[in-house]
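Q: After the structure tokens below, expect a handful of questions from me.
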Amino acid sequence: DVKVTQSSRYLVKRTGEKVFLECVQDMDHENMFWYRQDPGLGLRLIYFSYDVKMKEKGDIPEGYSVSREKKERFSLILESASTNQTSMYLCASSLDPYEQYFGPGTRLTVT
Amino acid sequence: AQSVTQLDSQVPVFEEAPVELRCNYSSSVSVYLFWYVQYPNQGLQLLLKYLSGSTLVESINGFEAEFNKSQTSFHLRKPSVHISDTAEYFCAVRATGNQFYFGTGTSLTVIP
């Protein structure tokens with residue numbers, strides 16, 4: 001079975017802190033994605049990557065950056081956390097052209 | 001860009017009753033279609049998918065969905081729901097390129 005793991009299930013950070021969310025997949029998938037999920041808004045794509053060191057902006061990249069130094073790892077970085085970035089963050093991976101596999105999510109609270 | 005519409009944000013239904021969760025998408029090209037389920041405090045899990053072939057696809061727990069190209073729909077159905085089906089359901093579309101597009105979700109609540 002494909003496994004996508006995220007470094008934390010719950011995270012509490014203060015405004016202005018730099019936050020790293022890590023995601024690792026074990027199936028050699030080319031594509032990896034970061035979404036945020038908010039009630040009533042569904043999933044919104046922040047960034048995705050289709051290869052090592054490659055990245056593409058999604059629908060809401062402002063305030064976020066990403067890093068993919070190795071194929072299995074995709075990191076989401078909040079350079080200076082703000083309260084409006086309090087959300088559930090979901091990582092996913094996929095192999096073209098098939099379905100995405102999701103991690104369990106990280107619920108981030110910024111106070 | 002694609003768009004995916006799930007018209008019903010909340011669907012309450014009594015146990016053992018049938019249910020339909022609606023999904024429409026905007027696309028004039030070939031697409032791949034998916035339904036995901038999310039249980040409380042968990043990530044999304046694939047429920048079923050349409051890639052090609054038969055337009056009726058089924059999941060192992062009794063859900064089915066039918067791809068209707070002319071109506072650009074991929075509605076999810078189950079003839080008899082259980083309490084354990086209570087969850088959030090997301091419809092997703094993948095067209096050309098690597099991006100997936102998700103609907104806003106339908107919260108299914110099964111009432112005992």
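The values are calculated or read from the model by the stated rules, or taken from the named source; none is laboratory data. Predicted model, so just to flag it, every value in this text is computed and none were measured. Note: ideal-geometry Cβ built from the backbone for every residue, glycine included; neighbour counts use all protein chains shown.
Q: Restricted to region B:92-112, and to residues that are modelled with pLDDT under 95 and in a strand (DSSP E or B), which residue is farthest from the other protein chains (Cβ to nearest Cβ)?
A: B:Val93
Q: Oh, and also: Pairs, please: C-beta under 9 Å, at least 6 apart or cross-chain, first residue within 9 Å of A:Leu45 (Cα to Cα) and in region B:99-112, second modelled with pLDDT of 95 or more and among the charged types (D, E, K, R)?
A: Between residues of region B:99-112 that are within 9 Å of A:Leu45 (Cα to Cα) and residues that are modelled with pLDDT of 95 or more and among the charged types (D, E, K, R), there is no close pair.
Q: Considering only region B:61-73, I want to know if a residue exists there that is within 30 Å of A:Tyr47 (Cα to Cα), aliphatic (A, V, I, L, M) and outside any loop (DSSP other than H, G, I, E, B).
A: Yes: region B:61-73 contains one or more residues that are within 30 Å of A:Tyr47 (Cα to Cα), aliphatic (A, V, I, L, M) and outside any loop (DSSP other than H, G, I, E, B).
Q: While we're on this one: Please determine, by comparing only the residues of region B:16-28 that are at pLDDT 90 or above and over 12 Å from the mean Cα position of the chain (by Cα), which one is surrounded by the fewest Cβ atoms within 10 Å (Cβ to Cβ).
A: Result: B:Pro18.
Q: Filter region A:4-15 for residues that are over 14 Å from B:Gly43 (Cα atoms) and assigned to a loop (DSSP other than H, G, I, E, B) and give the result.
A: Listed by number, the residues that qualify are A:Arg14, A:Thr15.
Q: Filter region A:78-100 down to the residues that are touching a Lys or Arg at 6+ places or on another chain (Cβ under 8 Å), closer than 20 Å to B:Tyr36 by Cα and not in a loop (DSSP other than H, G, I, E, B) and list them by number.
A: Across region A:78-100, the qualifying residues are A:Ser87, A:Met88, A:Tyr89, A:Leu90.
Q: Right, here's the next one. Please specify each residue of region B:1-28 satisfying the condition of being small (Gly, Ala, Ser), within 14 Å of chain A (Cβ to nearest Cβ) and not in a loop (DSSP other than H, G, I, E, B).
A: B:Ser3
Q: Any chance you could count how many residues in region B:29-53 are assigned to a strand (DSSP E or B) and surrounded by 15 or more Cβ atoms within 10 Å (Cβ to Cβ)?
A: Looking only at that region, the number is 13.
Q: Read through the list (1) within 14 Å of another protein chain (Cβ to nearest Cβ); (2) closer than 18 Å to B:His82 by Cα, then give the number of the only condition that B:Val31 fails.
A: Failing condition for B:Val31: (2).
Q: Also: State all residues of region A:79-111 that are surrounded by 16 or more Cβ atoms within 10 Å (Cβ to Cβ) and closer than 18 Å to A:Arg68 by Cα; if no residue qualifies, say none.
A: Of everything in region A:79-111, those that are surrounded by 16 or more Cβ atoms within 10 Å (Cβ to Cβ) and closer than 18 Å to A:Arg68 by Cα turn out to be A:Tyr89, A:Leu90, A:Cys91, A:Ala92, A:Ser93, A:Ser94, A:Gln100, A:Tyr101, A:Phe102, A:Gly103.
Q: Right, here's the next one. Every residue in region A:16-54 that is within 12 Å of chain B (Cβ to nearest Cβ), of a type in the set (Asp, Glu) and assigned to a loop (DSSP other than H, G, I, E, B), please.
A: Across region A:16-54, the qualifying residues are A:Glu30, A:Asp51.
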